[in-house]
């Protein structure tokens, strides 16, 4: 294998490695820290460490992929391999962009203006769990079944702004 072919291989491996690292740093925290799933102490610590260092790692991965794509482009004569290098670098950049999105904010929307009915008119099961709040003569009950999907209810009870959370 000549020197030029070794360089092309090195650049291609650098792009592939950057793509793999970017994919791992995007997917692993989402896999571990997902709702309604038990998280072990060690795996949660690892996921939080990945989140902590993710911006820096993604920046390095994008830089490595872009530089490698440029060098690969110069060393490669085949159009298909040139396109593959550019697409690989673009994939790393896209994964880095996606890693900036907080999916938990997208999944859990606070309930801003909840609707209430009298206790006798509810369709709740008698054993259903609720968070009960009594403030300034006003009583509210927030079903856990509903709050577990939103996690936050912004409300006003008895003229006092409150937040019920689960």
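Numbers for the structure displayed
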read-out: Checking residue 28 against (1) out of contact with any helix residue (DSSP H, G or I) (no Cβ under 7 Å at 6 or more places or on another chain); (2) within 30 Å of residue 108 (Cα to Cα), the condition it does not meet; value: (1)
read-out: The one condition in (1) over 16 Å from the mean Cα position of the chain (by Cα); (2) touching a residue at least 12 places away in the same chain (Cβ under 8 Å); (3) in the same structural domain as residue 7 (by TED's automatic domain parsing) that residue 54 fails to fulfil; value: (1)
read-out: Exclusive hit being surrounded by 12 or more Cβ atoms within 10 Å (Cβ to Cβ) and outside the structural domain of residue 149 (by TED's automatic domain parsing), set 66, 41; value: 66
read-out: Residue within region 92-108 that is closer than 30 Å to residue 162 by Cβ, touching a residue at least 12 places away in the same chain (Cβ under 8 Å) and either in contact with a helix residue (DSSP H, G or I) (Cβ under 6 Å, 6 or more places away or on another chain) or not in a helix (DSSP H, G or I) (or both) present; value: yes
read-out: Residue within region 138-151 that is touching a residue at least 12 places away in the same chain (Cβ under 8 Å), in a helix (DSSP H, G or I) and closer than 30 Å to residue 19 by Cα present; value: no
read-out: Hits in region 111-123 (condition: part of a loop (DSSP other than H, G, I, E, B) and either on the phi > 0 side of the Ramachandran plot or surrounded by 13 or more Cβ atoms within 10 Å (Cβ to Cβ) (or both)); value: 114, 116, 122
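The values are calculated or read from the model by the stated rules, or taken from the named source; none is laboratory data. Quick caveat, the model's predicted, so the values are computed rather than measured. We place every Cβ from the backbone using ideal geometry, glycine too, and count neighbours over all the protein chains shown.
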